[in-house]
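Please read the structure below before turning to the comments.
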Amino acid sequence: MIGDQLARIARRVVRDDSYGLMVAPAVADLQFESRAGWFSTLRGYLGVWRALCGAIAIELAADARRTLSNDGARLATTQTTVMVGTLFGLQATLFAANFWHEWRLNPVLMLLIAPSILGSVLPVGAFTSAAVLSDKPYAHRTVILASIVAAVLIFLFIDQGVTRFNQQFREADAAAGGPGTIAPGSRELPLADLYARGTRQDRIDLHSRLAICASTIGWAWLGLSLTRIRRRWLVAVGVVAYAGYIAAYSAVPIMAITLFRGRLPIWSAWGAVAVLFIAAYLAQRLARRRLPAHA
Amino acid sequence: MTAIKLPSISVRECLVLEQLRTGDKYGLELVTASRGALKRGTVYVTLGRMERKGFVESRQEPLAAGAIGLPRRLYRATAYGLKVLDAYQLLREALALRPSEARG
């Protein structure tokens, strides 16, 4: 019947109570009025879509409020803020240390690399947050919403924070001269500059940064889904893979492995993220699926 | 002192309660009766929010034998909803006094 397909979509998108209160009556009106002609049907369809959008907006607002008001979620938010703040602080400290010549030692310079690495590893923090929050009735929406916000913050961090501080550090370091000098020519450019230059390597860098941010959502989704799977061995595989990813990223130069032919393909930037999303999707299929009602 | 949380009510919610004061109505009837003040796209979002606040209650229309499609929903104002409406109307009238009248 008319509107059935739309009702099925809505049922998957919003929670049961929101569907029953806001969307289902609009669909019923659409079906009731469809006998009156095409114009009424069109108005009915518009009404259902607006009701669906309204229900989604209300649910997102409620989830955001819960994220900010709940103790566990507040803890996760604080942890993320501290993590991002530390990375910024580390960059700023190293930059300041450069002007203090007694501090200009190689170990300090080596620490400079840490934020660039952590910027890539940071998205997996979403996995932990998702696992911590998974027993909450509003976990699903909250975690996905928070991971989208985190993806934007990580993007800003990588694109603006790291590139700006690293470049300033490199220029100052080169001007000062001495051991451990990093050439200012090896620039880390923000996305806008990478896009403007448009060489092959720039395009790879550009895609890599977007992929890193997008992976935050994939990690969060995977974290949520794994905690709902009842098969222990599958959960164990997920946890081992998670720990392995962090270890590999810190210990093994992954980019060097992908460069073994001397040409890094652009898909390599999204390849790992695609695998992550496929894993998250499969885990979701195996998990108990149902959005709980509002607590 | 214990803080009392006052219920909030929007202009649109007042309008819905005014319409429901005269009797139970379907969502589309509310849209028609409001003469354009309520839109069909937003009326159910408003009604859903009001039901969560306890201002209205609803029940599904029983489907006739052999009928297909989703059942329509009939809305009724609760005593609490009407009480909140009356209280806010009194407040609005009180605040609408001209300064000269208020001084008296």
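Of everything in segment A:182-206 that is among the basic types (Lys, Arg) and in contact with a Leu (Cβ under 9 Å, 6 or more places away or on another chain), the residue that is modelled with the lowest pLDDT is A:ARG200.
Check A:ALA26 against each of (1) modelled with pLDDT of 80 or more; (2) over 18 Å from B:GLY27 (Cα atoms); (3) of a type in the set (A, V, I, L, M, F, W, C) and name the one condition it does not meet. So A:ALA26 meets the others, but not (2).
Any chance you could count how many residues in segment A:1-59 are free of Cβ contacts under 8 Å to residues at least 24 places away in the same chain and not in a helix (DSSP H, G or I)? Counting residues in segment A:1-59 that are free of Cβ contacts under 8 Å to residues at least 24 places away in the same chain and not in a helix (DSSP H, G or I) gives 1.
Looking only at residues of segment A:44-61 that are more than 21 Å from the chain's Cα centre (by Cα) and surrounded by fewer than 17 Cβ atoms within 10 Å (Cβ to Cβ), we find that the one that is nearest to A:LEU30 (Cα to Cα) is A:LEU46. Taken over segment B:44-64, the criterion of being out of contact with any strand residue (DSSP E or B) (no Cβ under 7 Å at 6 or more places or on another chain) and at the interface with chain A (Cβ under 8 Å from one of its Cβ atoms) is satisfied by B:TYR44, B:VAL45, B:GLY48, B:ARG49, B:ARG52. For segment A:48-58, a residue qualifies if it is out of contact with any Ser or Thr (no Cβ under 9 Å at 6 or more places or on another chain) and within 7 Å of chain B (Cβ to nearest Cβ), but none of them does. Here A:TYR245 meets each of (1) modelled with pLDDT of 70 or more; (2) more than 19 Å from A:ILE148 (Cα to Cα); (3) crowded, with 17+ Cβ neighbours inside 10 Å with one exception, condition (1).
Within segment B:17-30, residues that are more than 14 Å from chain A (Cβ to nearest Cβ) and surrounded by 19 or more Cβ atoms within 10 Å (Cβ to Cβ) reach partners that are part of a loop (DSSP other than H, G, I, E, B) and not aliphatic (A, V, I, L, M) with beta carbons closer than 8 Å, at six or more positions or on different chains, in the pairs B:LEU17/B:PHE55; B:GLN19/B:SER34. Answer yes if at least one residue in segment B:65-80 is part of a loop (DSSP other than H, G, I, E, B), in contact (Cβ under 8 Å) with a residue 40 or more places away in the chain, over 26 Å from B:LEU6 (Cα atoms) and within 14 Å of another protein chain (Cβ to nearest Cβ), and no otherwise. Yes, the conditions are met somewhere in segment B:65-80. Residues that are acidic (Asp, Glu) and more than 8 Å from chain B (Cβ to nearest Cβ) within segment A:5-44 comprise A:ASP16, A:ASP17, listed in sequence order.
The values are calculated or read from the model by the stated rules, or taken from the named source; none is laboratory data. Given the structure is predicted, the values throughout are model-derived calculations rather than measurements. As a convention, Cβ positions derive from the backbone with ideal geometry for all residues, glycine included, and neighbour counts pool all protein chains shown.
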